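**Student:** The structure under discussion is supplied below as structure tokens; questions concerning it will follow.
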Amino acid sequence: MDVAEVQDARFGHFEEFAAARAKVEPTWLRDRRQAGISRFRQIGLPTTREEEWRFTPVRPIATTAFQPGTDLPISVTRAEIEPFSFAGLGGPELIFVNGRFAPALSRPGSLPAGVRVTSLTELLASDGALVDANLGRHVKFEQHGFTALNAAWMADAAVVVIPKNQVVETPIHLLYFGSAERPVAVHPRVLVLAGEGAAARLIESYAGPLGQVYLTNALTEIVVGANARLDHYKVQRESTSAYHISSTHLTLHRSAMFTTHGITLGGHLVRNDINAVLDAEGVSCTVNGLYLVDGDRLVDTHTAIDHAKPHCESHELYKGVLNDHGHGVFNGKIYVRPDAQKTDAKQTNQVLLLSEDATINTKPQLEIFADDVKCTHGATVGQISSEALFYLRARGIGRDAARQLLIHAFAEEIIERIQIPPVRQALEQALLKELPIKD
């Protein structure tokens, strides 16, 4: 038995799972599951010998025997979910527990006519052709072993469909909650289709109780139509003993406007991939993020913005706060193809180190094959300014309060860009709780 076969067995018995799903799923979905597991068995999980995973060893995942999350009953109560729900949103909230849709815990909310916020199971029954045309079409599942694993093992998915020229005023919240006494593996899937001229705000969040070990292996596909606008927020507040692997794949059409803010507060080992293809003129893509790392945790962020057509712009700002033996990785690629003239792209990674033992590996990359472009990138790594600290203390502010004020100011630049007040306020409170005060 080779390494990939051993790893395969650690995630459960795929043939039994696939046979059970085949009773309720169409043939094309069964075929995609089979293609996913076949690919996984060829390549297995990534290793540090691969350049894209050089600083992120996934051995703890590869050597853990996980129980499939689909085997567990949904025993979570609404009271356990409530701390991770953003009060006052007013829109629909779909809850998934260990990868399975939990309608009894969800809140449908009110939506404009034609807008669908539902589960994959429900949409397959009413509009299977739409799912067939889009699910898995915007991502290469062979990108790495985790995406192939998701294609094979996803139990359900959250699907958001916004018709042409429809505007959704209230934010849509998709909450994935992980909870189990034994290690479980869940493979959340999200599909968002925003039609031409549509507009919406979407929150994709992941949470779980402290101390529990589980794997979240998430995959998100987002398609934004011509002249449409989508504001996306990904909030990760999982157990600091959990593993979180996610990849987000964006297809943006002519003059589409897309923004995303990724806030990473939890997880023991976290890997976030964002892949965007700007394959039409006039696209605007903004990708921002904030991550806090302490203890011996690791947070790895990889972004790839592919400028394929002219007159597009991308803006990227990632900030990290690292303490103790925390390890951060940032790899940002901007690729400008020969036809992508008049590209405007800017990428910045800023890191604040609060400990001599904290580590950051940052690698901004530009690959430009067009000559009439405006592209910049940069990375800064530093510590709390002793001059700023002295300035605050000279005005009667205690040392701990002064440190907290400076760290909060550094992180706040990302938080204040969040355009949904309940989310912004909740994350500000989380920041105040999580930020290290003493050195």
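**Student:** Looking only at the stretch 15-32, which residues are of a type in the set (Lys, Arg) and under 14 Å from Thr121 (Cα atoms)?
**Tutor:** Arg21, Lys23, Arg30
**Student:** How about the stretch 306-335: which of its residues are buried (at least 24 other Cβ atoms within 10 Å of the Cβ) and closer than 18 Å to Ala256 by Cα?
**Tutor:** His307, Cys312, Ser314
**Student:** Would you say Ala345 is among the small types (Gly, Ala, Ser), within 21 Å of Tyr318 (Cα to Cα) and open to solvent by less than 70 Å² (accessible area, probe 1.4 Å)?
**Tutor:** yes
**Student:** Related question: Considering only strands (runs of 3 or more DSSP E) fully contained in the stretch 137-191, which possess at least 2 residues that are touching an Asp or Glu at 6+ places or on another chain (Cβ under 8 Å) and touching a residue at least 60 places away in the same chain (Cβ under 8 Å)?
**Tutor:** Output list reads 172-177.
**Student:** Right, another one. Of all residues in the stretch 342-393, which are part of a loop (DSSP other than H, G, I, E, B), aliphatic (A, V, I, L, M) and farther than 24 Å from Asp294 by Cα?
**Tutor:** Ala370, Val373
**Student:** Next question. Within the stretch 42-69, which residues are out of contact with any Phe, Trp or Tyr (no Cβ under 9 Å at 6 or more places or on another chain), of a type outside the set (Val, Ile, Thr) and within 15 Å of Phe146 (Cβ to Cβ)?
**Tutor:** Gln42, Gly44, Glu50, Glu52, Trp53, Pro57, Arg59, Ala62
**Student:** When you look at Thr170, is it open to solvent by 20 Å² or more (accessible area, probe 1.4 Å), among the polar types (S, T, N, Q) and more than 22 Å from Gln236 (Cα to Cα), yes or no?
**Tutor:** No, not satisfied.
**Student:** Restrict the check to the stretch 121-133 and report whether at least one residue is in contact (Cβ under 8 Å) with a residue 40 or more places away in the chain, touching a strand residue (DSSP E or B) at 6+ places or on another chain (Cβ under 6 Å) and either among the hydrophobic types (A, V, I, L, M, F, W, C) or in a helix (DSSP H, G or I) (or both).
**Tutor:** No: zero hits.
**Student:** Sort out which residues of the stretch 277-304 are closer than 22 Å to His377 by Cβ, touching an Asp or Glu at 6+ places or on another chain (Cβ under 7 Å) and crowded, with 23+ Cβ neighbours inside 10 Å, and write them in order of number.
**Tutor:** Leu278, Val287, Thr303
**Student:** Sticking with this one: List every residue pair whose Cβ atoms lie under 7 Å apart, where the two residues are 6 or more positions apart in sequence or sit on different chains, the first residue falls within the stretch 271-297 and is over 16 Å from Tyr233 (Cα atoms), and the second residue, located anywhere, is basic (Lys, Arg) and open to solvent by 10 Å² or more (accessible area, probe 1.4 Å).
**Tutor:** Leu278/Lys309; Asp279/Lys309; Ala280/Arg254; Ala280/Lys309; Glu281/Arg254; Glu281/Lys309; Gly282/Arg254
**Student:** Might you check whether a residue that is of a type in the set (Asp, Glu) and over 28 Å from Arg59 (Cβ atoms) occurs anywhere in the stretch 180-201?
**Tutor:** Looking through the stretch 180-201, at least one residue is of a type in the set (Asp, Glu) and over 28 Å from Arg59 (Cβ atoms).
**Student:** Given the condition under 21 Å from Pro103 (Cβ atoms) and surrounded by 15 or more Cβ atoms within 10 Å (Cβ to Cβ), answer yes or no: does some residue in the stretch 47-56 qualify?
**Tutor:** Looking for residues that are under 21 Å from Pro103 (Cβ atoms) and surrounded by 15 or more Cβ atoms within 10 Å (Cβ to Cβ), one finds none in the stretch 47-56, hence no.
**Student:** Spot the failing condition for Val423; the list is (1) open to solvent by less than 60 Å² (accessible area, probe 1.4 Å); (2) among the aliphatic types (A, V, I, L, M); (3) assigned to a strand (DSSP E or B), and only one is missed.
**Tutor:** So Val423 meets the others, but not (3).
The values are calculated or read from the model by the stated rules, or taken from the named source; none is laboratory data. This is a predicted model, so every value here is computed, not measured. Backbone-built Cβ (ideal geometry, glycine too); neighbour counts: all protein chains shown. The area values use the complete protein model at the heavy-atom level, side chains included, leaving out ligands, DNA and RNA. Shrake-Rupley method; radii C 1.70, N 1.55, O 1.52, S 1.80 Å.
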